[in-house]
Structure formats: C-alpha cells, structure tokens
C-alpha cells in the first residue's frame, strides 16, 4: 500500500468526507431545503405574505396561491402568533407550500414537512441528526429526546420521522409514531415505516425506539450492506409534537445491540395502538385476505364453542421486518388460556377449553399478529370483541386479524364466518313443498306426506326431499317429474342428483338418478337403475312398479340455478 495513494485507507476516508460535504453544500445552494416560519402579515389581493423564518430576525416576502393562504392569528397558538408555514424556493423566489398550524393544524391536517419549526411555545421540536453508517447488524444511537419538564404530558407526543441515506442513494423511509406514556417500558422495539422506497444498492435499515415515562430514544440499525464503496451517512429528521421536549446527545454513536423482535404498538390492545404498517403494502389487509388453512372449523351452536383442527396461516406479505419468517401461524389456544373480552358488559374474559374457544352470538375472535416477531402462534394473543355494552366505545386495533365472527341467532341462525372465508352454520335451510307432475293428466298431492328443504348459495342450490304417496294422492299419466324448489339453468348437466324409490308392498327398492328436463325449469326426470327407463305412471307399463299408497321417493340434488 503506497502512502498518499488512493489505496491509502485514511486518505480515502478523508476524501470521502470532503466529497460528501462539497455535494451537500452544492445541493444546499442549488436546491435550498424547505424552511419553516410564521406568517406576520398577509396580502390576499396580491397573493403574497410576510414570513419570519425560523432563526431569522427579519421577515421575507413570499408568494402564495389562492388555495394555500395563512392567517395572522393561529387558532392553536393564540392571537399574535401567525400560522406556521412551509416555505420553498430560493432568494427572490420564495413561496408557501403548506400551512403547518392554524386551522389546518387544529383539524389534524398538519404533518407535511420534516424541518419543523422549533418555537417558543414548547409544543413542537424539529431536529435533523446525522447518523454514521454502522456496521452490518450494528446500530447507531442517535440520541434521546426528553420532556421531563412537562407539567402533564411526560412521555407522550406525536412523532414524524424520516431517515434517508444522504449521498448517492434513494434509500428513504418515513415513520409516524403515537407515543404513549411509557410506551415500550424502557425496552427497544422496532418501528414500522409508513413509506419505504425499498432496498437501495443492496443497503437497508430499520429504525428502533425506546420510550419511557419521560421521553424516548432512537437508533438506526443497518440490516443490509450492499458492499463496495458505500459513502455518506443517514440523515434522521424528526418532528416531535411534545410538551417541553429537549434533545440530549448523550451516548450518541455506534454499538452492537441485539435486534428487537417486537414492533412498537403491538403490546397494548384496546386503544388502536398498532404499528403504522406501510400504507402502500397494506400488510394487515393482505394478511387477512391470504389467511388459509384451519383444517375442520366448527361453530357448535349448542356449546357455543368455536374450534379448528389445524393451524391457520397468514402469508403472502413477503419476508421483511414485519414478517421475518414470511408467515404467521394461528393455532387453537390450549385448555385454560384466558382470552380478554372487549365491548361487553357480561364478561371481561373467557377461558379456552380443550374443545375450543367460547364464542357467543355477536362476538368476534381476533388474533393480534406479532409483527416483527416469531412465526409460531402465541396463545395469549387472542382477543374477543363484543358489542352488547352500548356504553363502551371500542376500536379494534389495525394489527388484529379476524379468526371467526359469529352472528346472532335471529339473523343468521347463530352462524359464523371464518377468517379464511369459510361460512359455518349459515342461514337455515328453507322449506318447500315437493310435488310430482306427469306428462299428462291432473296431479294432486292429496294426503301425501312430503318433506322438502333446500339452501341456495349464490347460484348453487342444494335440495333434500321425500314424497310418500297417500290414499288420496292423484297421479297423472306418462313420465313422472319431481318438482324442485328453484328453476335450473338450461345448460345444467343432465344428472343433478340421486335417490331411492321404495315400494310399500311387497317391499322393493330401486335407486335412480335425477336428470333435468331439456327446458330451464324446475322439473327433474327420475331414471331407475333396474330398467334404465324414466319413472312413469302409464297404465300397464308403470315403471318401476304400479305406484300405490305408502310408496316413497327420497332424493338429494345439487344444481345451478337459472338466475
């Protein structure tokens, strides 16, 4: 290695930092970063405003559109403090890009930029910190943000964070965090990004958070290393809406640390504190849509127990920080597992039995997906949501998936819908009156004993029926047609069902197939197995025998409806 040459590591590192700084300075000159400030005065006729930028003592003149106009009075911060605005452009050509506080802020529409005003009100802080690229699987601790001096809001706030590789890379991720008091109980957890540009040149990262009663800390973990020459560092831009928050750079730097498995927001059910999963990837929606398996699922409406014999599997979301193994299992909880119940005035928990999970009418069984954690099912992650307590407001967190939902007995006969798309114990079968028609002559059921039940699912019709000839039953002549509850489609296959005819005396039986007639109606011909001919009632050639009182026809059929 020759000293002073390009193969000199120290020289190469110094040149890298020099090039890095020169590029940042040039980009800052050609494309100045967006800035934030307060609107001091507004000329709506001229579509201009006077804005005092953060850190400046003299206001500047900026342009504005007819749709984006600030107010001199901020509904949030009070009279005399103009709206916070986002200013883009360069000297001589500044314009207002967005309104960050004021009425828009009060309505929850703020959050459009990252270099946010750090004002004297003490409710907002912006910070941009440069984090050096750590070694693969190591972390760079960015610092701590503390709000110990808050009077009532210790450890609570709303964070909006962006992380990007600052040179020769398109790698960028953004995060939204609703910070609870003692949110992670002092334990590091992963954050789910809301936008993710994906792996860039083989490089990738994760952002991790640790929060307690007085603030939070952030660190960047390098999860993929593209190899070769990887210049630059990470720029972490933070907007924190917290009371009296102060940045503490103590312990900033690289270190080795075990990667957390949990994602922030997945440990406390009942308050919609799930992770902000990527909007573009719709992780939980895909998990629900791709839910499969379960084996034999049963909703026992007598014991009020829902059970499944094999695991459900959530997959198809890819293999990444949300799903390290690429899938998650949902396994029936063992006997004795306590399952919390929300939205019910009757019970706060139920206990799983060896037969399955107790599930009453109008209740839904959920599973809290352990995003970022193991594939193996976690028995304590089941939840039940009811709605019999009309005084309780409850929102199902976004990271729960539905395992089974049971309807009330009045609307769906106690039926249940399973998360894999299967319907159990759905609407009860309807009844109808079976009849027999003949090719000619009048027919009448008379005192025949008839039973007919059917169920229609879409255009599929399932039917079970029996017809016992009575002493006053009148049959016509010619071929016999068994009448079904719903007209069949014209192109339905000939054979739609099977049955058995039984003669009362002497006792004789004959199996038959059911063939639809050539027209789109509800008549089915019965073709016997003994003679291979159509059942009929024609004088001396009655088939398969001379029909008399006590003779029975029983059948089962499935066919496609005409409409």
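The values are calculated or read from the model by the stated rules, or taken from the named source; none is laboratory data. Model, not experiment: these values are computed from the prediction. All Cβ positions, glycine included, derive from the backbone under ideal geometry; neighbour counts span all protein chains shown.
The condition of being in contact with a strand residue (DSSP E or B) (Cβ under 6 Å, 6 or more places away or on another chain) and not assigned by TED's automatic domain parsing to the domain that holds residue 542 does not hold for residue 479. Screening region 375-490 for strands (runs of 3 or more DSSP E) wholly inside it with 2 or more residues that are within 30 Å of residue 342 (Cβ to Cβ) returns the ranges 382-386, 400-406, 416-418. A single entry from 418, 457, 461 fulfils the requirement of being touching a residue at least 40 places away in the same chain (Cβ under 8 Å) and within 30 Å of residue 366 (Cβ to Cβ): 418.
Take residue 397 and decide whether it is in contact with a helix residue (DSSP H, G or I) (Cβ under 9 Å, 6 or more places away or on another chain), crowded, with 19+ Cβ neighbours inside 10 Å and touching a residue at least 40 places away in the same chain (Cβ under 8 Å).
Working: in contact with a helix residue (DSSP H, G or I) (Cβ under 9 Å, 6 or more places away or on another chain): no; crowded, with 19+ Cβ neighbours inside 10 Å: yes; touching a residue at least 40 places away in the same chain (Cβ under 8 Å): yes.
Against the criterion (in contact with a helix residue (DSSP H, G or I) (Cβ under 9 Å, 6 or more places away or on another chain), crowded, with 19+ Cβ neighbours inside 10 Å and touching a residue at least 40 places away in the same chain (Cβ under 8 Å)), residue 397 does not qualify.
Scanning region 344-366 for residues being in contact with a helix residue (DSSP H, G or I) (Cβ under 9 Å, 6 or more places away or on another chain) and at pLDDT below 95 gives a total of 1.
Okay, residues lined up against (1) assigned to a loop (DSSP other than H, G, I, E, B); (2) modelled with pLDDT under 75; (3) crowded, with 22+ Cβ neighbours inside 10 Å; (4) not assigned by TED's automatic domain parsing to the domain that holds residue 195:
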{"residue": "118", "(1), (2), (3), (4)": "yes, yes, no, yes"}
{"residue": "129", "(1), (2), (3), (4)": "no, no, no, no"}
{"residue": "137", "(1), (2), (3), (4)": "yes, no, no, no"}
{"residue": "141", "(1), (2), (3), (4)": "no, no, no, no"}
{"residue": "151", "(1), (2), (3), (4)": "yes, yes, no, no"}
{"residue": "155", "(1), (2), (3), (4)": "yes, yes, no, no"}
{"residue": "160", "(1), (2), (3), (4)": "no, no, no, no"}
{"residue": "163", "(1), (2), (3), (4)": "no, no, yes, no"}
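Being closer than 25 Å to residue 429 by Cβ, assigned by TED's automatic domain parsing to the domain that holds residue 438 and loosely packed, with under 14 Cβ neighbours inside 10 Å is a description that does not apply to residue 487.
Of the residues making up region 328-348, those that are surrounded by 13 or more Cβ atoms within 10 Å (Cβ to Cβ) and under 17 Å from residue 388 (Cα atoms) are 340, 341, 342, 343, 344, 347. Would a scan of region 367-381 turn up a residue that is crowded, with 22+ Cβ neighbours inside 10 Å and free of Cβ contacts under 8 Å to residues at least 60 places away in the same chain? Scanning region 367-381 turns up at least one residue that is crowded, with 22+ Cβ neighbours inside 10 Å and free of Cβ contacts under 8 Å to residues at least 60 places away in the same chain. Looking at this structure, is residue 372 farther than 30 Å from residue 522 by Cα, at pLDDT 90 or above and in a loop (DSSP other than H, G, I, E, B)? No; evaluated as a whole, the condition is false for this residue.
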